[in-house]
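The structure under discussion appears below in the form of structure tokens.
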Amino acid sequence: MSEPLAVQFANTVGSRRSSRPQERISDYPALVEWGVGAELFGRTEAARLLAEAEARPAEAAAASARAKALRDAVYRIFEGLGEGKAPATDDLDVLNAALGECAVRRRLRQTSQGLCWTWAEAPEADLDWMLWPVAYSAAELLTSSSADRVKACPGEGCGWIFVDQSRNRSRRWCDMQSCGNREKARRHYHRGRTAPETTSPPGS
Ligand SMILES: [Zn+2]
């Protein structure tokens, strides 16, 4: 099951808690590429946004800076949630500002399944409209019954955010193959070093 959009966006820094975090939203084109990968829009819309960005580089730079500020605020809110901490006022302010932007663009549309939420047509001027669904997704998750299932992976240097969907809420790692196995290997190594005389017979 894929993570909510806001969680995917919060995880656009890899190895966040390490000394060498990997920034995936390094510039505006990277933000647009993320939007394509998250299926917020297709290649045609991406090309339009990139053309707009080329014509207005300062606004594009501001849009990617806003994206990172929102991303980091949402990350800290999610991270705190996993530790049972209330969000910092500054972080909530950043998210609320983005929600204010997105609220004026929410629309209802009739579909064959009835009415559903959608977005107003993105005006040409908006280079950062991909942040609206992110902000909305964060608010949805934070107010949902899954809010207390949000966790940050405790793997060394990791900090990856996920929603623990396991029945007994026992999931610890972003991924058992990477962080889970690394931790197992480390525990094994430490056991081997701290108590060799009890785990293996002398001379073996
Ligand atoms: Zn991890």
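The values are calculated or read from the model by the stated rules, or taken from the named source; none is laboratory data. Only a predicted model underlies this, so the values are computations on that prediction, with no experimental measurement involved. For accessibility, only protein heavy atoms count, side chains too; no ligands or nucleic acids. Shrake-Rupley method; radii C 1.70, N 1.55, O 1.52, S 1.80 Å.
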Exercise for review: For the chain, report the accessible area per residue in Å² (1.4 Å probe, heavy atoms, rounded to an integer).
Suggested key: 59
Study note, to complete from the structure: Largest fluctuation, G114, G42, G157 only, Gaussian network model of the chain with Cα springs under 10 angstrom, belongs to G114
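Using the alpha carbon gyration tensor of the range 89-154, what are the three equivalent-ellipsoid semi-axes (square root of 5 times each eigenvalue), largest first, in whole Å?
24, 18, 10
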Review point. Pick from N11, N168, N181: which residue has the top mean-square fluctuation in a GNM of the chain where Cα pairs under 10 Å get a spring?
Key: N168
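Of the heavy-atom accessible surface of the chain (probe 1.4 angstrom), what whole percent is carbon and sulfur?
Exposed carbon and sulfur together represent 53 percent of the surface.
Taking the range 5-163 on its own, what percent of its Cα-Cα pair distances exceed 28 Å?
Tail of P(r) above 28 Å: 22 percent of Cα pairs.
Return the calculated 222 nm mean residue ellipticity for the chain, to the nearest 500 deg cm²/dmol, obtained by summing -39500 (n - 2.57) across DSSP H runs with n ≥ 4 and dividing by the residue count.
-15500 deg cm²/dmol
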